[in-house]
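Okay, structure first, notes after.
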Amino acid sequence: MKEKKVISHIVNWLENYLAESTTKGFVIGISGGIDSAVTSVLGAETGMPILCVEMPIHQSSSQMQRARSHINWLKESYKNVSSVEAELTPLFDSFISLMPKGERKENTELALINTRARIRMTTLYYFAQLNNYLVLGTGNKVEDFGIGFFTKYGDGGVDLSPIADLKKTEVFLLGKHLGIITKILSAPPTDGLWNDDKTDEQQIGATYPELEWAMEFTGDDKKISKREKAVLEIYKKMRNTNMHKMKEIPICIIPNNLK
């Protein structure tokens, strides 16, 4: 991959989109992971105002330290970067106290995990509205168009997606080229939604390179290894389960003769 040219292409795309939208800048959630780190630098490269928002909800100290270290590095490197911390743990806990629990513990847990992402989305749009900014998405190609590994109307609720045509390994390549701090480059990818700091690989059951292989696989599945078959099954199952996230909202079209 030609990292320098890809970076230039994305930055130009962001500049043009912002100009056509008549908005004034960008807002982005910083998690301490590679996707938000790379996307925030690309936004900063436009020279337009970009607001980095920390939104901890029972967050692990390691994630918070990485997020703050990245923001500090970003602000030292770019004069157009500002930041704010929105401590959302009390809001999340209040929500829990108001909501009934489901009959199955795992359903309640998953509902609350997705609620974290949706609270953060609402927070980003609050700051976007205050400043007339656009919300930058941080999803990559594997998550957004491969297995649907995001929360519908959570981290999937954005105005534009600068890195959604890049595979995870390509995002890491850009990160190295952009000088992203080592702590983020070496950290196992995680969505930061679980109290036990569960990694993406632990949730999915496969690594991103494995998933990228599955996305591109067109061969005979009878000629692949046992592990490759397992990865292919994981990929297909997640893709089928989450396809509703990756499609446009279904619209019931009313025939003209009924109107």
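Every number in this text was worked out from the coordinates using simple rules, so none of it is lab data. Values in this document were obtained by computation on a predicted structure and should not be read as measured data. We place every Cβ from the backbone using ideal geometry, glycine too, and count neighbours over all the protein chains shown.
Observations on the structure shown:
- Lysines with Cα under 24 Å of K101, excluding same-chain neighbours fewer than 8 positions away: K152, K198
- Counting only aspartates and glutamates at least 8 places from K75 when in the same chain, those with an alpha carbon closer than 13 Å to its own are E45.
- Set K79/K176; K141/K222; K176/K222; K176/K236 screened for pairs whose C-alpha atoms are more than 29 Å apart: K176/K222; K176/K236
- The radius of gyration of the Cα set in segment 157-248, together with its Dmax, comes out at 15.2, 42 angstrom.
- Cα-based convex hull, segment 57-124, per residue volume (Å³, whole number): 92 Å³
- Taking the empirical scaling 2.2 N^0.38 Å for compact globular proteins as reference, segment 5-45 has a Cα radius of gyration ratio of 1.20.
- Inverse mean reciprocal Cα-Cα distance (Kirkwood Rh) of segment 1-139, Å: 16.2 Å
- Both numbers refer to the Cα atoms of the chain; Rg and Dmax are 19.3, 63 Å.
- Amide hydrogen neighbours beyond the local backbone of F26, cut-off 5 Å, H modeled: I50, L51, L134
- Phi to ³J(HN,Hα) by Karplus 6.51 cos²θ - 1.76 cosθ + 1.60 over segment 95-109, Hz, x for Gly, Pro: 4, 4, 5, 8, 9, x, 8, x, 5, 9, 4, 5, 5, 5, 4
- Peptide packing for 206-215, 44-53 was compared via the average number of neighbouring C-beta atoms within 10 Å per residue; ordered from the highest value, the list is 44-53, 206-215.
- The residue among V38, Y78, M246 whose Cα reaches farthest toward the positive pole of the charge dipole of the chain, with charges on the beta-carbon of Lys, Arg, Asp and Glu, is M246.
- Highest average packing first - 145-158, 176-189, Cβ atoms within 10 Å: 145-158, 176-189
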